[in-house]
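Data block below; observations after.
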Amino acid sequence: MRAMLLVNPKATTTNRRTRDVLIRALGAAVDLTVEETRYRGHAAALARTAHTKGYDTVAVLGGDGTVNETVNGLLNAGGRAERPALIVIPGGSANVFARALGLPNDPIEATGATLEALREDRRRAVGLGQALWEGESRYFTFCAGMGYDAEVIRAVEGLRGAGRKATPARYVNTAVRHYLATDKRHAAMTVKGPGIPAAEGVFMAIISNTSPWTYVGSRPVEPTPWASFETGLDLLGLQRMGLPSMTSIIRQILTERDTLPRGRHLVQLHDEAEFTLSAERPVAFQLDGDYLGERESVTFRSVPDALQVLV
């Protein structure tokens, strides 16, 4: 089996020694080519090359952003009809996609699980989400968002650009500071879709392809607990941002496992094939924790069985 390993050398939770151990372990099991990513979008380009050259597998050692780029490279590559299978080795700060697949959060342990999957040819078909806007499209593995959560991600990316690490504590502190400055009276977004009654006045929308949505350290955050890779997309929209409403929703999604959040001012969708978020003004937009600017309309679609993952 020919495999290409894409390594993000700036991955948060790995170092050179760890990467060398993982490379030796994988290299003993497959005919391995190693490529380091050097710039934004490089993982997507390398994944397209792997597909074109007929590699059987593309492995990723990195965080959710590197995984997202790789997935988009694989799905947007031309040429052969059969795509390489994906291997994910967590190396970022959250590793939501890897953990949602049931992999250990430790890269060494995850490599051990991956080697077992390789020996047994143990594969899983995974559905993805797709976002479409202004003639562009991009796949996402676990979540997308518009509004408040994307604004927090934008702020954290700015801090990372200034050399600060994206720790769970930094996300929480940034979310609190940003909440205090957020306009809580003028909601911009509307949710609509085929067979879906329009819901107006949405401040924040979380779109999920699986659950959990993210982690705070080891604690899963589950605003859409019924979401999975085997169903369509789920959505949780907030129509109120006042302190009582936010306190209630945060408590529920942190402490009540496998239970849908309750509240009169929530918009909830489950297992939907397609819906659109439109806004009266440009609002912040993110996919898999990657801030993608401000948009006035984005359509979200479910793509069943889009990818084969060795897990």
Sort through Val191, Val152, Val126 and tell me the only one that's touching a Ser or Thr at 6+ places or on another chain (Cβ under 6 Å), buried (at least 21 other Cβ atoms within 10 Å of the Cβ) and not assigned by TED's automatic domain parsing to the domain that holds Leu22.
Val152
Output the qualifying pairs, or none if there are none: Cβ atoms under 6 angstrom, residues six or more apart or on different chains, first residue in region 250-273 and farther than 19 Å from Arg240 by Cα, second residue of a type in the set (Ser, Thr, Tyr) and buried (at least 16 other Cβ atoms within 10 Å of the Cβ).
Asp271/Thr231; Ala273/Ser302
Could you check, for region 250-259, whether at least one of its residues is over 30 Å from Thr12 (Cα atoms) and among the hydrophobic types (A, V, I, L, M, F, W, C)?
no
Here is a list of conditions, (1) exposed (fewer than 15 other Cβ atoms within 10 Å of the Cβ); (2) within 12 Å of the chain's Cα centre (by Cα), and Cys143 meets all of them except one; can you say which number that is?
(1)
Sole exception among (1) out of contact with any strand residue (DSSP E or B) (no Cβ under 8 Å at 6 or more places or on another chain); (2) in contact (Cβ under 8 Å) with a residue 40 or more places away in the chain; (3) of a type outside the set (Lys, Arg); (4) buried (at least 23 other Cβ atoms within 10 Å of the Cβ) for Ser93, by number
(4)
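Results for (1) touching a residue at least 60 places away in the same chain (Cβ under 8 Å); (2) under 16 Å from Gly91 (Cβ atoms); (3) within 23 Å of the chain's Cα centre (by Cα), shown as yes or no for each residue.
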{"position": "Met1", "(1), (2), (3)": "yes, no, no"}
{"position": "Arg17", "(1), (2), (3)": "no, yes, no"}
{"position": "Val21", "(1), (2), (3)": "yes, yes, no"}
{"position": "His42", "(1), (2), (3)": "no, yes, yes"}
{"position": "Leu46", "(1), (2), (3)": "no, yes, yes"}
{"position": "Asp56", "(1), (2), (3)": "no, no, no"}
{"position": "Gly65", "(1), (2), (3)": "yes, yes, yes"}
{"position": "Glu69", "(1), (2), (3)": "no, yes, yes"}
Residue, surrounded by the most Cβ atoms within 10 Å (Cβ to Cβ), within region 29-75, restricted to residues that are part of a loop (DSSP other than H, G, I, E, B) and in contact with a Pro (Cβ under 9 Å, 6 or more places away or on another chain):
Gly63
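Looking at Thr13, is it within 30 Å of Arg170 (Cβ to Cβ), crowded, with 23+ Cβ neighbours inside 10 Å and of a type in the set (Ser, Thr, Tyr)?
Details: within 30 Å of Arg170 (Cβ to Cβ): yes; crowded, with 23+ Cβ neighbours inside 10 Å: no; of a type in the set (Ser, Thr, Tyr): yes.
Against the criterion (within 30 Å of Arg170 (Cβ to Cβ), crowded, with 23+ Cβ neighbours inside 10 Å and of a type in the set (Ser, Thr, Tyr)), Thr13 does not qualify.
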Can you tell me which residue in region 19-43 is nearest to Asn68 (Cα to Cα), limited to those that are touching a strand residue (DSSP E or B) at 6+ places or on another chain (Cβ under 9 Å) and among the hydroxyl-bearing types (Ser, Thr, Tyr)?
Thr37
With criteria (1) of a type outside the set (S, T, N, Q); (2) modelled with pLDDT under 90; (3) within 15 Å of Leu266 (Cα to Cα), Gly201 comes up short on (2)
Does His42 meet the test of being over 21 Å from Thr210 (Cα atoms) and in contact with a Gly (Cβ under 9 Å, 6 or more places away or on another chain)?
no
Filter region 48-103 down to the residues that are out of contact with any helix residue (DSSP H, G or I) (no Cβ under 8 Å at 6 or more places or on another chain) and among the basic types (Lys, Arg) and list them by number.
Lys53, Arg99
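Among the candidates Leu5, Leu46, which residue alone is in contact with a strand residue (DSSP E or B) (Cβ under 9 Å, 6 or more places away or on another chain) and under 16 Å from Val309 (Cα atoms)?
Among Leu5, Leu46, only Leu5 is in contact with a strand residue (DSSP E or B) (Cβ under 9 Å, 6 or more places away or on another chain) and under 16 Å from Val309 (Cα atoms).
The values are calculated or read from the model by the stated rules, or taken from the named source; none is laboratory data. Not measured: the values here are computed from a predicted model. Please note: Cβ atoms are built from the backbone with ideal geometry, for glycine as well, and neighbour counts cover all protein chains shown.
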